[in-house]
Amino acid sequence: MTFKSTLKGTATGAALIFAVSGFHTALAQDGPPFGESGKAKAFPGIPEGTVEAMGGEAGINLWVKQLFHYILLDYRIAPIFIEHGNIERQIALNTQLVQRVLGAGNEYLGASMSAAHGDLGITMEEFNAVVEAAYNACDAVSFHYYQCNQIIAGLAPFTFDIVTQ
Ligand code: HEM
């Protein structure tokens, strides 16, 4: 069974985001998971070795490239990325960020999520379209369902830094 057949539309992704977004406060109290040196904070419940199980940096990078492939195929969100984004830069930075939220201990050298998205007026519907692209990308690189959920859970605390309307 594929992600496409098990996850119809955005409802499941959105439910997952809401289910875990309560952890935002806990993360925020400990400081942001980027822009600082030292040990990375993985999202609670993400075990050590998660990034390695996804093929390390190369595996995450493949997933991020697929993510952007699906984003750019989606008429609901592609124009935002084409107009405001820099795809190559975003692929590189998302590769860093995803590894970091999964506890890899690497640096993230990009802007904070609120600085990068605050002026874009992103809606929940657009955010959920990116979540859909994320599940399609997992399918494309054969990540397991639980691994995809780990990525979504790791990024979920940023939801309301990104969604501003
Ligand atoms: C959890 C979800 C998301 C994550 C982890 C994420 C991550 C990132 C990262 C790492 C950057 C690069 C920051 C930099 O250049 O320093 C970025 C920029 C950007 N993101 Fe996102 N993003 C997410 C959701 C979205 C959504 C939903 C949209 C639009 C529908 C979006 C549109 C953009 C655009 C247009 C930029 C470029 C902004 C600029 O360079 O001025 N992102 N994002």
Residue, farthest from the ligand (Cβ to nearest atom), within the stretch 51-93, restricted to residues that are outside any helix (DSSP H, G or I) and under 19 Å from Ile152 (Cβ atoms) = Gly55
Residue within the stretch 127-147 that is within 14 Å of the ligand (Cβ to nearest atom) and outside any helix (DSSP H, G or I) present | no
Quick one: in the stretch 28-50, which of the residues that are more than 15 Å from the ligand (Cβ to nearest atom) and more than 25 Å from His144 (Cβ to Cβ) is modelled with the highest pLDDT?
-> Lys39
Pairs only if they're at least six apart or on different chains, beta carbon under 8 angstrom, first in the stretch 84-109 and within 15 Å of Ile71 (Cα to Cα), second more than 12 Å from the ligand (Cβ to nearest atom) and of a type in the set (D, E, K, R); list them, first residue then second.
-> Ile91/Lys65
Residue count, the stretch 125-144, condition surrounded by fewer than 16 Cβ atoms within 10 Å (Cβ to Cβ) and within 15 Å of the chain's Cα centre (by Cα), comes to 0
Filter the stretch 113-126 for residues that are assigned to a helix (DSSP H, G or I) and among the hydroxyl-bearing types (Ser, Thr, Tyr) and give the result.
-> Ser114
Does the stretch 95-103 contain any residue that is surrounded by 18 or more Cβ atoms within 10 Å (Cβ to Cβ) and of a type in the set (Gly, Ala, Ser)?
-> yes
Looking only at the stretch 94-112, count how many residues are within 6 Å of the ligand (Cβ to nearest atom) and part of a helix (DSSP H, G or I).
-> 2
Which condition breaks for Ala115 when tested against (1) of a type in the set (Gly, Ala, Ser); (2) buried (at least 22 other Cβ atoms within 10 Å of the Cβ); (3) near the ligand (Cβ under 9 Å from one of its atoms)?
-> (2)
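The values are calculated or read from the model by the stated rules, or taken from the named source; none is laboratory data. Worth saying up front: this structure is predicted, and the values here are computed from it rather than measured. Quick reminder, even Gly has a Cβ in these numbers, built from the backbone with ideal geometry, and neighbours come from all protein chains shown.
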